[in-house]
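The values are calculated or read from the model by the stated rules, or taken from the named source; none is laboratory data. Since the model is a prediction, treat every value here as computed from it, not as a measurement. Cβ atoms come from the backbone with ideal geometry, glycine included; neighbour counts cover every protein chain shown. SASA here: full protein model, heavy atoms, side chains in, ligands and nucleic acids out. Shrake-Rupley method; radii C 1.70, N 1.55, O 1.52, S 1.80 Å.
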Amino acid sequence: MKEYLREYDVELETIGPLFIGSGYELNKKEYLFGNDEIKVMDIPRLFSFFEKKGLRNRFESFFLDDVRKDLFRFLRENSIRIDDVSDCIKYRIRQSDTSLERGKPAAVMEFVKDPYGLPYIPGSSIKGMLRTILLASEIALHDNQYVANKEKIRDSLYRGGNRNTLLRKEVKDIEATAFHKLGRNKEKKDDSVNDVLSGLVISDSQPLNLDDLVLCQRVEYHVDGEEKHLNLLRECIKPGTKIHFKMTIDSLICPYGKEDIINAIRFFNKNYNEMFRDVFPKFTPGKTDSVYLGGGTGFVSKTVIYPLFGKRNGIDVTVNVFGATKVPRNHKHNLDRQIGVSPHILKMTYYYGKMFHMGECRWRFC
């Protein structure tokens, strides 16, 4: 390997359940609940099974048109036992502490999987997380460089906008200030060819096993201790799982080394604990080497609002973000200033009776 390239083996150990979505929601006709597990079906095999039973047309009608029934009901109405379709099960996932509201449909979100059907963590997800962590560190080290950026954010919030596009340009400008220092395109600083993090390459993780998955329910934990259990289930990597991937740093392009990354993670944790997590009574502070990866980790873990503005102004800006994007009023974001935290909901879940922060992992260089 060339001398200017630094390659590291990195391990993430899940503290809380970790969800990286494939973007696909399992249809209630594609799985069966029972015996504390979900059975995800192989649909082509299921079609073949019903064809042999002379029920193909009936199954096609159910699968394509009938929105009322789930698969269990269809089997029961056609005198088919679950054991009869055991060869059609693609995989099974254990449930953990699910408490679903009766009468409402439950969404089941699928974890991303490789072509062999095994769960893995995309390198792009890890790098996106690390980019936010390094950006927060840069802001803390060079706060005076971002005064104009703060004013642009305030002006943008005053105008309001779509939640998918609000602050997109402003955040892009902040990233350009922090990372776009290569000078490859001098006319457009925000061009990605100027990005020093192009010299930081993160591989996809090694594939995990289906046994590493557990089905977890989304729970919103309020600062006053109230919990709201939603009918949203996710395939998650269970706590205690070790995830391995490689990181390569081109030192001619990327100025960050191993120690810079460790220090940035420590700073991000300290800031996250002080600005947000410490306010929630049942949660102890995150570990010094904790990172927050994937879906359901919450607004604060994915933005640099608090490192940029500090706690008091950060609360105001966060409240205004929710207001400008017309987040439903039942979230009561205007009370956040009185409570001293925004948002006043922490995304968490339960795993065998214990409360966990979604997506919390420990970062270790091997």
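A compact table of results
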read-out: Carbon/sulfur fraction of accessible area - the stretch 57-160, other protein chains in place, 1.4 Å, %; value: 47
read-out: Pairwise FRET efficiency - residue 337 versus residue 211, Cβ, R0 = 41 Å, nearest 0.05; value: 0.35
read-out: Whole-Hz couplings from phi, Karplus 6.51/-1.76/1.60, listed for the stretch 345-350; x for Gly and Pro; value: 10, 10, 7, 8, 7, 10
read-out: Accessible-area order (highest first, 1.4 angstrom probe) of the listed residues 276, 267; value: 267, 276
read-out: Inter-part distance where the stretch 294-314 and the stretch 1-33 are each reduced to a Cα centre, Å; value: 22
read-out: Under Karplus coefficients 6.51, -1.76 and 1.60, residue-wise ³J(HN,Hα) of the stretch 217-231 in Hz, glycine/proline x; value: 9, 6, 10, 9, 9, 7, 5, 8, x, 5, 10, 10, 8, 9, 7
read-out: Accessible surface of residue 147 - all protein chains present, 1.4 Å probe, nearest 10 Å²; value: 80
read-out: Nitroxide proxy distance, nm - points 7 Å out along Cα→Cβ at residue 92 and residue 66; value: 2.6
read-out: Shape of the stretch 170-221, Cα gyration tensor, a/c cut at 1.5; value: oblate
read-out: Å² of accessible area per residue within the stretch 27-95, as computed with a 1.4 Å probe and no ligands counted; value: 61
read-out: Rough spin-label spacing in nm, given labels placed 7 Å along Cα→Cβ, for residue 311 and residue 100; value: 4.1
read-out: Accessible area in square angstrom per residue, the stretch 257-366, 1.4 angstrom probe; value: 44
read-out: Residue of 144, 194, 263 that the Gaussian network model of the chain assigns the largest fluctuation, springs spanning Cα pairs under 10 Å; value: 144
read-out: Approximate spin-label separation residue 227-residue 8, in nm, with each point projected 7 Å along Cα-to-Cβ; value: 3.6
read-out: Computed accessible area, residue 352, all protein chains, 1.4 angstrom probe, square angstrom; value: 130
read-out: Rounded to the nearest 10 Å², the accessible area of residue 6 at probe 1.4 Å; value: 100
read-out: Helix 147-159 vs. the chain, principal-axis angle (Cα, 0 to 90°, nearest 10); value: 50
